[in-house]
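Below: one structure, written as structure tokens.
The values are calculated or read from the model by the stated rules, or taken from the named source; none is laboratory data. What you see is a predicted model; the values in this text were computed from it and never measured. Remember, those area values only see protein heavy atoms, side chains included, never the ligands or the DNA or RNA. Shrake-Rupley method; radii C 1.70, N 1.55, O 1.52, S 1.80 Å.
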Amino acid sequence: MENNRVQIFSQDGKFTGKFGSFGERAGQFNSPCYILVSQEDDTIFISDSKNHRIQLFDKHGKSMRQLGSQGSAQGQFTHPRGLALDIAGNLIVADMGNHRLQVLTAEGRFIKEIGTEGNGDGQLSFPESVALMPNSGYIVVSDLSNNRIQVF
């Protein structure tokens, strides 16, 4: 996170490469937090938290595109964190600072948001990580400030 780069290792732990540096341009980071690799095409998704965006790279670390910008509108983020891909290839983002999950197409088109700020059922306070339960479609979220796990 503080080195603002991604390092790549082989399965046996040997360093094979790296990409990224500090900054705001495509391929640069300011606190990269979560990484996700698509099983379909090896696209690498990285939540670039302090740049308030998701960056996509090919399997060689070449910048492909960026999703989102800072804000609270649909498709915008405030400190995005955890990432997951659903069976249809849609990206689920834990939009930490906006206390919600957002579901986007892999191209970045907004589909829906899940959750609102609070501590009641279905509400979130700083969602950190997100995962999908296999074969069910349920979304599991670590609800950091509420000290709980929620399932949607």
Tell me, what is the per residue accessible area of the chain in Å², probe radius 1.4 Å? 55
Rounded to the nearest percent, how much of the accessible area of the range 45-105 (1.4 Å probe, protein heavy atoms only) is carbon and sulfur? 45
I'm a student and want to see the number: the projected area of the Cα convex hull of the range 96-152, averaged over all directions, in nm². 4.0
Compute the Kirkwood hydrodynamic radius of the chain, taking the inverse of the mean of 1/r over all pairs of distinct Cα atoms, and give it in Å to one decimal. 15.6
Sort out for me the Cα centre separation of the range 100-152 from the range 1-54, rounded to whole Å. 22
Under a cut-off of 16 Å between alpha-carbon atoms, report the lysines in cross-link reach of residue 18, not counting same-chain residues fewer than 8 places apart. 59, 62
